[in-house]
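As structure tokens, the structure follows; a few thoughts come after it.
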Amino acid sequence: MSAPFRINRPSVKRVAAGKSEEVKDYLGRLVKLIPAEVISLYLVGKGVIGAGQATETPLSYWIVWTIFCFLAVVVARLFGTADPKENQPPQIPAVLIACVSYLVWVYSMGDVFALLKLYEPKLGSLLVLGWSFVVPYFYRGDRATGRSNP
């Protein structure tokens, strides 16, 4: 499967099809803009590092793991939004949105941000809710020409 995370604008025919298609397109963008595969990886590493024992684990473990997973988002999304068969480059806006989505989710869990005294639990929860809900409304993918739409 080529470009599993690529987001394409719906055709004029699909837009004219009605609200059910709009909802389906919105949900598809939502799923593709949240890097669930790397958030899952982060959670497994969090368990290895020591869930519930963040204050007893060296800060360097959390920093390295958080950065490693951030880079995994970048790599996965660069490759996952590019379509070499169709000669389409990565969707840089989608990659950047996925990176911010990852950081928002990691912030909502505390971990490295709590150790750095930058964590506010309610803010983290609200960021996840707001970011996840709003972003698919604004980023709709490529135009028909195949160019990225920022």
Item to check | Ordering of 70-82, 114-126, 95-107 by burial proxy (mean other Cβ atoms within 10 Å per residue, highest first) | outcome: 95-107, 70-82, 114-126
Next on the checklist: Taking the alpha-carbon distance from LYS117 and a cut-off under 17 Å, which aspartates and glutamates remain once sequence neighbours fewer than 8 residues away in the same chain are dropped?
Outcome noted: GLU56
Checklist outcome for this item: Given backbone amide H placed at 1.01 Å from N, residues whose amide H is under 5 Å from that of ASN8, ignoring those fewer than 5 places away on the same chain, are ASP142
Item to check | Distance (nanometres) between label positions extended 7 Å along Cα→Cβ at PHE133 and LEU103 | outcome: 2.3
Checklist outcome for this item: Once the in-chain neighbours fewer than 8 apart are removed, the lysines whose Cα is under 28 Å from LYS122 read LYS32, LYS46
Checklist outcome for this item: For the range 12-138, the charge dipole (Cβ of Lys, Arg +1; Cβ of Asp, Glu -1; about the Cα centre) points to a positive end, and the Cα of VAL135, TRP105, CYS69 closest to that extreme belongs to VAL135
Item to check | Cα-centre dipole for the range 50-122 with unit charges at Cβ (Lys and Arg positive, Asp and Glu negative), debye to 20 | outcome: 80
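Rule-based calculations on the coordinates, nothing more; no lab input. The model shown is predicted, which means the values in this text are computed figures rather than measured ones. With ideal geometry, Cβ positions are generated from the backbone for all residues, glycine too; neighbour counts draw on all protein chains shown.
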